[in-house]
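**Student:** Please find one structure pasted underneath; my questions will follow.
The values are calculated or read from the model by the stated rules, or taken from the named source; none is laboratory data. If you're wondering where the values come from, they're calculated on a predicted model, not measured in any experiment. Every residue, glycine among them, receives a Cβ derived from its backbone with ideal geometry; neighbour counts consider all protein chains shown.
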Amino acid sequence: MSVNNNQPLRCIALLCTCSVLVLWSCSENAHGFQVSKTDGGLAIRWPTTSAGFYINPAGAPSAGLSAIQAAMQTWINVTTSNFSFVYKGQTSSTSFGQNDGSNMVCFGALVGAQYDSTLAVNTIFFNGQTGLLSDSDIKFNTNFTWATGNSPDAYDVQTIALHELGHALALDDLYESGDTAKVMYGYCDPGEIKRFLSQDDMDGITYLYPGGGTTTTTTITGSCPAEFVLGQDHPDLQQLRSLRDGLLSRSVVGHRIIQMYYNNSDSINAAIERSPVLRDAARSFFETAALVMVKKQ
Amino acid sequence: MLSLIGCMVLPFTAYGLMLGLSTEKLTRDAALIVTGDVEDVSSQWSVDNKYITTTAVVSVQQIMKGKLEQKKVRVMYMGGHVGNIVMRESDVAQLSTGEKVLLFLSPDEQESGTYRIQGRGQGKYSIGDDLIARKHGFSVDTAHEQMDITIPFETLTGKIRKYVGEQ
C-alpha cells in the first residue's frame, strides 16, 4: 500500500529530474566540456571520424615525437568515441597555419611581438556554413623550454599536445575552478603533467564523435510514457525521438537519462494513470521537451 | 549556469597557450595604447592564398601611450572569414564593428602603419556599457604574473597612466 502511495511522488521526482537533466543535456558546455562553434552556432567537427597528422620533430626535445603520438593514442583510446588521430609520418615541412589540407604538428620559434608570450598555437580552417573542418595545425614555440620527462621548469610536450589535440577535435578551453583536473582546462604551469583524460574530456570527444565502444548502445525495454500520455500518433513524439536519438544518445549523460527513463517507465505510466494532475504535468513536460528540440533544430 | 552564460557572451575562438601578462608588462611592452571604437573589420586571404588575415580600423578616442598622427589606427590579426572559409588562430583577439575597446599595440614588423595586438587576446579589453573592461578568449599560464581579466575601466586606465608615468 505504502508503495502505491509513494508512486506519484516518485514519478514527479523522476519527471523533475528528467526535466533538469534534459535541459542540462541540451547545453553541451554544461556537460563539463565545451565545443567550438561557428558564428551560426553549429558545432565544428571533422567531416569523418579520423584526421591524419604529420609531425615535424625538428626542434622537439628528445622523445618529443613519441610524446605527441602518445597524446594522439590517449584520445583514440576513448572507447565511447569512434574518432581516430592517424599518425601519417614525419615531415620536414614547416607550412604551419596554412589551408593546405595537410594537418601537422611542429616545433619552431614563433616570430613577432604578438607571439612573445605564446607557448603553443593551434590554427583551424573550417567551412563557416557547415562547421566541417578542413585543416588543423599545431606549433610549439621553441622560445620556451620543452621536456618529455618530469622537468619542473619545462613544459611537458605530451601534456600540451594532449590539450592542443583536444582543440584539433574542436573542444574548447574550460576555466571554472572545478575544471582543473581536466585536460581541456585553460591554464597550465611549467612542470605540470596531465597525460590522462578526465571523464568530461572523454564526454567531449564522445559528444562530437559518438560510437565505437560498448557503452553507447542503449537497450530500450520499457513502454514509453510519452506515448502513453500523448498518444501514439502525437506529432511531438517525433521531436522527442529526435531528442533521444539525435541529442541525448550522443553523450554519456544522455544515455543515463534514457536508461533511467525506460527503466522506470512502467512505474511512471502506472502513476500517471491514477493521477490526472500527474498526467497534466507529464504532458507539459513532454511538450516542453519537444519544443526545446524544435528550437534546437 | 555560469558556463552557459559564459558560452553566450564569449566570442567563438580557438585556443593555444600563453604566459599570463600583467597590466604593467602590457603597458611597458606596448608602443601604443589607445581607447576607441571599432569602425570597420575586413578579412582577406594572404597573397599566396594560404591563410587569412583580418584588418580592423579603430577610431581613436584617447591615446594613453605613444604617438599617432591620425585619429584612426589599423590593427591586423591572424584569422577571419572569407566566403565560406573561416580561419581561427588560437588566443587571437577578434574585433567587432561597433565595439568599444582598449588596445595594447605594437607596430607590425612587415606592414608600416599597421599594428598588432600585444599579447594577442590579452592585449584587448572590451569596454561594456557598464564601464567594466573585460578580456577573454585565451588560455594562459598564470604562474608568472597577476592579470586583470575583469576590471572597472577607470581603474584600468588609472593603472596604465601610473605605469606610463613610471617609464
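**Student:** For the list (1) more than 16 Å from B:LEU156 (Cα to Cα); (2) surrounded by 15 or more Cβ atoms within 10 Å (Cβ to Cβ), I need the number of the one condition that B:LYS124 fails.
**Tutor:** All conditions are met except number (1).
**Student:** Looking at (1) over 13 Å from the mean Cα position of the chain (by Cα); (2) within 14 Å of chain A (Cβ to nearest Cβ), find the lone condition where B:TYR163 falls short.
**Tutor:** Result: B:TYR163 fails condition (2) only.
**Student:** Hey, can you tell me all the residues within the range A:157-167 that are of a type outside the set (A, V, I, L, M) and touching a Leu at 6+ places or on another chain (Cβ under 9 Å)?
**Tutor:** Those that are of a type outside the set (A, V, I, L, M) and touching a Leu at 6+ places or on another chain (Cβ under 9 Å): A:HIS163, A:GLU164, A:GLY166.
Quick grid of which residues meet (1) on the phi > 0 side of the Ramachandran plot; (2) in contact with a strand residue (DSSP E or B) (Cβ under 8 Å, 6 or more places away or on another chain):
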| position | (1), (2) |
| --- | --- |
| A:THR49 | no, yes |
| A:ILE55 | no, yes |
| A:ALA60 | no, yes |
| A:ALA63 | yes, no |
| A:ILE76 | no, yes |
| A:THR79 | no, no |
| A:PHE85 | no, yes |
| A:LEU110 | no, yes |
| A:ALA113 | no, yes |
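**Student:** Return the only residue of A:GLY128, A:GLY112 being without any contact (Cβ under 8 Å) to a residue 12 or more places away in the chain, facing chain B (nearest Cβ under 8 Å) and surrounded by fewer than 21 Cβ atoms within 10 Å (Cβ to Cβ).
**Tutor:** Going through A:GLY128, A:GLY112 in turn, just one is without any contact (Cβ under 8 Å) to a residue 12 or more places away in the chain, facing chain B (nearest Cβ under 8 Å) and surrounded by fewer than 21 Cβ atoms within 10 Å (Cβ to Cβ): A:GLY112.
**Student:** Being under 26 Å from B:LYS159 (Cα atoms), in contact with a Ser or Thr (Cβ under 9 Å, 6 or more places away or on another chain), outside any strand (DSSP E or B) and free of Cβ contacts under 8 Å to residues at least 60 places away in the same chain is the filter here; which residues of the range B:55-95 pass it?
**Tutor:** Correct list: B:LYS71, B:ALA93, B:LEU95.
**Student:** Could I ask something else about it? Please indicate, with yes or no, whether at least one residue in the range B:55-73 is within 13 Å of chain A (Cβ to nearest Cβ) and within 28 Å of A:ASN103 (Cα to Cα).
**Tutor:** no
**Student:** Moving on. Which one is modelled with the highest pLDDT, of the residues in the range A:8-62 that are touching a Lys or Arg at 6+ places or on another chain (Cβ under 8 Å) and more than 22 Å from A:MET202 (Cα to Cα)?
**Tutor:** Per the criteria, the residue is A:TYR54.
**Student:** Related question: Select, from A:ASN99, A:ASN122, the only residue that is assigned to a strand (DSSP E or B), without any contact (Cβ under 8 Å) to a residue 60 or more places away in the chain and either acidic (Asp, Glu) or within 21 Å of A:ARG45 (Cβ to Cβ) (or both).
**Tutor:** After ruling out the rest, the residue left standing is A:ASN122.
**Student:** Return a yes/no flag: does the range A:134-154 have any residue that is in a helix (DSSP H, G or I) and hydrophobic (A, V, I, L, M, F, W, C).
**Tutor:** no
**Student:** Here are some conditions: (1) part of a helix (DSSP H, G or I); (2) modelled with pLDDT under 75; (3) more than 31 Å from the chain's Cα centre (by Cα). A:ASP245 meets all but one. Which one does it not meet?
**Tutor:** (3)
**Student:** Can you report the number of residues in the range B:96-121 which are out of contact with any Asp or Glu (no Cβ under 8 Å at 6 or more places or on another chain) and outside any loop (DSSP other than H, G, I, E, B)?
**Tutor:** Matching residues across the range B:96-121 total 5.
**Student:** Shifting gears a bit: In the range A:154-179, which residues are at the interface with another protein chain (Cβ under 10 Å from one of its Cβ atoms), among the hydrophobic types (A, V, I, L, M, F, W, C) and within 19 Å of A:PRO47 (Cα to Cα)?
**Tutor:** Correct list: A:ALA168, A:ALA170, A:LEU171.
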